[in-house]
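Here is the structure we will look at, set down as structure tokens.
Derivation of every value follows stated rules applied to the coordinates shown; laboratory data play no part. Source: prediction; values computed, not measured. Positions of Cβ are backbone-derived with ideal geometry, glycine not excepted, and every protein chain shown enters the neighbour counts.
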Amino acid sequence: MGSPPWNRDQDPFAELISADAIAQRCAELGAQITRDYAERAKSADIVVLGVLKGSVLFMADLSRHIALPIYLDFIGISSYGDDTKSSGVVQITQDLSRPIADKHVIVVEDIVDTGHTVHYLMENLATRKPASLSLCSLLHKPERSEREVKIDYLGFTIPNKFVVGYGLDIAQQWRNLPFIGFVTT
Ligand code: 5GP
């Protein structure tokens with residue numbers, strides 16, 4: 001069974017990170033998280049918390065490489081700003097299904113760009129008194145950073161390009177691309 005014919009000439013993106021490279025990195029990050037949380041898993045529940053919608057594909061692949069009993073949950077947030085830049089004003093559009101007090105929480109994000117969204121989110125989650133809180137982001141664009149954000153587990157550092165695919169969208173489309181592309185139009 002071959003891959004679908006993505007990367008056609010008329011598509012508005014070109015491949016930046018291949019599906020194979022993503023799969024390899026998910027395995028490495030999952031193994032690292034498994035090692036780091038094996039001891040903690042004995043003392044409290046582990047919640048892997050995906051940020052909707054961009055992290056959904058990453059969450060599905062990463063979580064299958066975490067060889068520990070984990071809970072999956074999701075939080076929906078929207079950040080206000082213009083098309084290319086978040087303002088730091090963030091709204092929770094869908095809250096967690098269960099409290100995270102006294103649990104080990106690993107937040108799974110698609111991308112840390114300016115850092116405003118994740119900064120707000122981590123501060124909000126910290127007020128709920130988890131036993132521990134860490135951040136796993138698939139992508140980081142350090143050139144755009146405006147807020148210092150500690151990324152405990154990082155997939156890839158990328159240049160200052162608008163990217164799409166593997167969960168990330170252009171106007172809600174193209175989240176289903178199996179690779180990460182940069183926008184060419
Ligand atoms: P922030 O600038 O607050 O770090 O990022 C806010 C959100 O903007 C991210 O969670 C992500 O949804 C979106 N975003 C930032 N950079 C990109 C990008 O290159 N491509 C796409 N599709 N979304 C992005």
Cα-based radius of gyration of the range 72-185 once divided by 2.2 N^0.38 Å, which approximates compact folds: 1.08
Contact order normalised by residue count of the range 75-185, Cα under 8 Å, 6+ apart, percent: 19 percent
Which listed pairs, of 42/129; 53/129; 53/141; 103/141, have C-alpha distances above 21 Å, in listed order: 53/129; 103/141
Note, ³J(HN,Hα) from phi for the range 113-124, Karplus 6.51, -1.76, 1.60, rounded to Hz, x at Gly and Pro: 9, 5, x, 4, 5, 5, 4, 4, 4, 5, 5, 4
Exposed GluC sites (Glu not before Pro) absent - longest run of the chain, DSSP non-H/G/I/E/B, at most 13 other C-beta within 10 Å: 40-145
